[in-house]
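The values are calculated or read from the model by the stated rules, or taken from the named source; none is laboratory data. These numbers come from a predicted model, not from an experiment. Using ideal geometry, Cβ is built from the backbone for each residue, glycine included, and neighbour counts are taken over all protein chains shown.
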Amino acid sequence: MKFANETLFLVFSLLLSGLFISAIPYFRKRKLSNFNNIWLLALGLNIFAFLCFASASTISPFLLTIANSSFVAGYFFLGLFARAINQRPTQFLSRLSPLLFIVFACVFEYIRQSSTFQVRVFFVVSTLIVCLVWILTELYSARKNKPHIQLDFLMFTTFAELLLGVIRLWLVLSNTSIVNINLYEEPFLSSLVRWLAVSFTVLSYVSILGFWAEVLSQENSKNIEDNIRIKSLLKEREALIANLLKANKTAATGALSASIAHELNQPLGASSINIQFLRRKLEGGLLNLEIGKEVLDALESDNKRVATIVRSLRSIFTEHESNLEEYDLADLIANVLEIVKPELKAKRIQMQLSIDKGLLVKISSNEIEQVILNLLNNAIQSLEGANSSLRSIVIVVKADGDSVLLSIRDTGVGVPVEFKQNLFELLSTTKQTGMGLGLWLCKHIVTRYKGSIWHEDVEGGGAQFHFRLPKAS
Ligand code: ADP
């Protein structure tokens, strides 16, 4: 009987060790510092207790005290685990636990030396019953909050352990013939009940492992759902930004439309006069070769002028976002200047250019033209408010390591000190009719191309904005 008992204790400790090892990945994955993982400690204590039970008769009977204390401690920690599932406070109880175990171990050691087997069984089993009732009540309310098939099973195994504990207690206490025996000499029937209870202990740990497997798989599927949701939110954000880009484009260029119309009217008016002149000469038979050539040259040059303005406008308004191509920044600046030229002329703004040619960037021209246009518009508007007689804008383009640097400097009013911090934020504006969209969009576009944009004050008044884009390789 002794040998069979020791072997079974060893077998069960090996079984539980297998569970312990298979549970480690869950423990690592959750990285929990709270009590949800305390069941692993309970499992470890159980394994240790069974090993002590298996070797106590060979090494020292004192190991029985350690084995029983660890066994009971395992159940206490299972109670803490069930409480943690319920999200009830466990800190105080866990701090109290060392004291409880020491008291339990002292009392058991005292009983072991001075009392009968029945008293020992009564002490251990009744403590276990208290723990099991506690675990059951915690599991019951956890289940009420959130039904869980694994928790149901754990409740069943816990209840079975409780029932078997009561039966064993009754069997041991009602058998008056056993007084001076030890655990290994326990009668067959109560031993059988004990082993049945231990089997349910193993099943309890299996169901806890199943519980975590289920929780983790639910978390994983939730993560997948979250990912899908985040992706669709990001798509929505992109669509919103695309709309903002369009709105800003209309606003930025809308303000220039009057002067563009004026600029177009000039060559068109001149062409119309030249055509009438040509017709009159033809009708009167007065057209000679020299006059005809002169008028045709004028018509051709006016036509080219109109075509250039229209081409520039088209390049700003056409959508070709997804077509990333290599562009010379100098060409993009020329396109934008064609649009703002009338306004610069009307407002007597001097434009100085220091542009290195042949610096290529891989971009959507439409977007970068918008950035340049926004910065130029801001510079023009800031010059309107400046007292200075010298109204000038300087555009510089040069290579800067692996990047191309573009700077637009004006002699305008400069950015108010208190505003500098929020300069590139959405909807931040100091203008009465401003939208506070321009600089935010500039930053958005430039960072999309892995570039950067920033502002600096100009000595003597004014502002300068720089942006950097990676050179096309
Ligand atoms: P908006 O032009 O609609 O106000 P922006 O985002 O383009 O929106 O500009 C935000 C604010 O930054 C402007 O209201 C202005 O106060 C300031 N700002 C931008 N560029 C300049 C500049 N060149 N000089 C002075 N202030 C500027």
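Under the condition of being out of contact with any helix residue (DSSP H, G or I) (no Cβ under 8 Å at 6 or more places or on another chain) and at pLDDT 95 or above, which residue from region 457-466 is farthest from the ligand (Cβ to nearest atom)? Can you show your working first?
Initial filter on region 457-466 (out of contact with any helix residue (DSSP H, G or I) (no Cβ under 8 Å at 6 or more places or on another chain)): 457-461, 464, 466.
Subsequent filtering for residues that are at pLDDT 95 or above retains 464, 466.
Values: GLN464: 8, HIS466: 12 Å.
So the residue we want is HIS466.
Just checking, does region 380-391 include any residue being more than 10 Å from the ligand (Cβ to nearest atom), over 35 Å from the mean Cα position of the chain (by Cα), surrounded by fewer than 14 Cβ atoms within 10 Å (Cβ to Cβ) and over 25 Å from GLY460 (Cα atoms)? Lay out the reasoning, then the answer.
Here is the first cut: in region 380-391, the residues more than 10 Å from the ligand (Cβ to nearest atom) are 384, 387-391.
Retained after the next criterion (residues that are over 35 Å from the mean Cα position of the chain (by Cα)): 384, 387-391.
Checking which are surrounded by fewer than 14 Cβ atoms within 10 Å (Cβ to Cβ) leaves us with 384, 387-390.
Remaining after also requiring over 25 Å from GLY460 (Cα atoms): none.
Taking every residue of region 380-391 in turn, none turns out to be more than 10 Å from the ligand (Cβ to nearest atom), over 35 Å from the mean Cα position of the chain (by Cα), surrounded by fewer than 14 Cβ atoms within 10 Å (Cβ to Cβ) and over 25 Å from GLY460 (Cα atoms).
Within the set of pairs 6 or more residues apart or between chains, which connect a residue that is farther than 7 Å from THR411 by Cβ and part of a loop (DSSP other than H, G, I, E, B) inside region 377-391 to a residue that is within 8 Å of the ligand (Cβ to nearest atom) and aliphatic (A, V, I, L, M) with Cβ atoms less than 7 Å apart?
GLY385/VAL413
Please verify whether PHE27 is of a type in the set (Phe, Trp, Tyr) and modelled with pLDDT of 95 or more, treating the condition exactly as stated. Walk me through it before giving the result.
Numbers: of a type in the set (Phe, Trp, Tyr): yes; modelled with pLDDT of 95 or more: no.
Here the answer is no, as PHE27 does not meet what is asked.
Restricted to region 356-379, and to residues that are more than 10 Å from the ligand (Cβ to nearest atom) and aliphatic (A, V, I, L, M), which residue is surrounded by the most Cβ atoms within 10 Å (Cβ to Cβ)?
Among those residues, the one meeting the criterion is VAL371.
Does PHE159 satisfy the criteria of being in contact with a helix residue (DSSP H, G or I) (Cβ under 6 Å, 6 or more places away or on another chain) and either surrounded by fewer than 16 Cβ atoms within 10 Å (Cβ to Cβ) or in a helix (DSSP H, G or I) (or both)? Explain how you work it out, then say what you get.
Working: in contact with a helix residue (DSSP H, G or I) (Cβ under 6 Å, 6 or more places away or on another chain): no; either surrounded by fewer than 16 Cβ atoms within 10 Å (Cβ to Cβ) or in a helix (DSSP H, G or I) (or both): yes.
In short, no.
Name the residue that is farthest from LEU383 (Cα to Cα), counting only residues in region 408-419 that are surrounded by 14 or more Cβ atoms within 10 Å (Cβ to Cβ) and more than 6 Å from the ligand (Cβ to nearest atom). Let's see the steps before the verdict.
Initially, region 408-419 is screened for residues surrounded by 14 or more Cβ atoms within 10 Å (Cβ to Cβ), giving 408-415.
Restricting the remaining residues to those that are more than 6 Å from the ligand (Cβ to nearest atom) gives 408-409, 411.
On the way: ILE408: 13, ARG409: 11, THR411: 7 Å.
Across region 408-419, the extreme among qualifying residues is ILE408.
Go through region 420-456 and give me each residue that's among the β-branched types (Val, Ile, Thr), more than 9 Å from the ligand (Cβ to nearest atom) and over 17 Å from GLU238 (Cα atoms).
So in region 420-456, the residues among the β-branched types (Val, Ile, Thr) come out as 429-430, 433, 445-447, 453.
Adding the requirement that they be more than 9 Å from the ligand (Cβ to nearest atom) leaves 445-447, 453.
Once the filter is applied, which keeps residues that are among the β-branched types (Val, Ile, Thr), more than 9 Å from the ligand (Cβ to nearest atom) and over 17 Å from GLU238 (Cα atoms), region 420-456 yields only ILE453.
Report the residue count in region 431-454 for those that are surrounded by 15 or more Cβ atoms within 10 Å (Cβ to Cβ) and either under 15 Å from LEU375 (Cα atoms) or in contact with a His (Cβ under 8 Å, 6 or more places away or on another chain) (or both).
Filtering region 431-454 down to residues surrounded by 15 or more Cβ atoms within 10 Å (Cβ to Cβ) leaves 435-446, 449, 451, 453.
Restricting the remaining residues to those that are either under 15 Å from LEU375 (Cα atoms) or in contact with a His (Cβ under 8 Å, 6 or more places away or on another chain) (or both) gives 435-446, 453.
Residues flagged as surrounded by 15 or more Cβ atoms within 10 Å (Cβ to Cβ) and either under 15 Å from LEU375 (Cα atoms) or in contact with a His (Cβ under 8 Å, 6 or more places away or on another chain) (or both) within region 431-454 amount to 13.
Residue by residue through region 81-121, note down the ones that are of a type in the set (Phe, Trp, Tyr), farther than 19 Å from LEU41 by Cβ and touching a helix residue (DSSP H, G or I) at 6+ places or on another chain (Cβ under 7 Å). Give the steps one after another, and end with the answer.
Filtering region 81-121 down to residues of a type in the set (Phe, Trp, Tyr) leaves 81, 92, 101, 104, 108, 110, 117.
If we keep only those that are farther than 19 Å from LEU41 by Cβ as well, we get 108, 110, 117.
Result: PHE108, single match.
What single numbered condition from (1) touching a Phe, Trp or Tyr at 6+ places or on another chain (Cβ under 7 Å); (2) part of a helix (DSSP H, G or I); (3) of a type outside the set (D, E, K, R) fails to hold for ILE181?
Among (1) touching a Phe, Trp or Tyr at 6+ places or on another chain (Cβ under 7 Å); (2) part of a helix (DSSP H, G or I); (3) of a type outside the set (D, E, K, R), the lone unmet condition for ILE181 is (2).
Taking the condition of being outside any helix (DSSP H, G or I) and not small (Gly, Ala, Ser), how many residues in region 41-73 meet it? Walk me through it before giving the result.
So in region 41-73, the residues outside any helix (DSSP H, G or I) come out as 56-61.
If we keep only those that are not small (Gly, Ala, Ser) too, we end up with 58-59, 61.
So the answer is 3.
As an exercise: evaluate GLY401 against (1) farther than 23 Å from HIS444 by Cα; (2) without any contact (Cβ under 8 Å) to a residue 24 or more places away in the chain; (3) not acidic (Asp, Glu) and give the number of the one condition it does not meet.
That leaves (1) as the condition not met.
If you scan region 417-465, which residues turn out to be outside any loop (DSSP other than H, G, I, E, B) and over 31 Å from the mean Cα position of the chain (by Cα)?
VAL417, GLU418, GLU456, ASP457, ALA463, GLN464, PHE465
Tally the residues that are touching a helix residue (DSSP H, G or I) at 6+ places or on another chain (Cβ under 6 Å) and free of Cβ contacts under 8 Å to residues at least 40 places away in the same chain, restricting the search to region 203-244.
0
So is VAL396 away from the ligand (no atom under 14 Å from the Cβ), closer than 25 Å to ALA346 by Cα and in contact with a Leu (Cβ under 8 Å, 6 or more places away or on another chain) or not? If you could, list the steps in order and put the result at the bottom.
Numbers: away from the ligand (no atom under 14 Å from the Cβ): yes; closer than 25 Å to ALA346 by Cα: yes; in contact with a Leu (Cβ under 8 Å, 6 or more places away or on another chain): yes.
Criteria met by VAL396.
Would it be correct to say that VAL198 is surrounded by 10 or more Cβ atoms within 10 Å (Cβ to Cβ) and within 23 Å of the chain's Cα centre (by Cα)?
On the way: surrounded by 10 or more Cβ atoms within 10 Å (Cβ to Cβ): yes; within 23 Å of the chain's Cα centre (by Cα): no.
So VAL198 does not fit the description; no.
Is there a residue in region 137-145 that is in a helix (DSSP H, G or I), of a type in the set (D, E, K, R) and at pLDDT below 90?
Yes, region 137-145 has at least one match.
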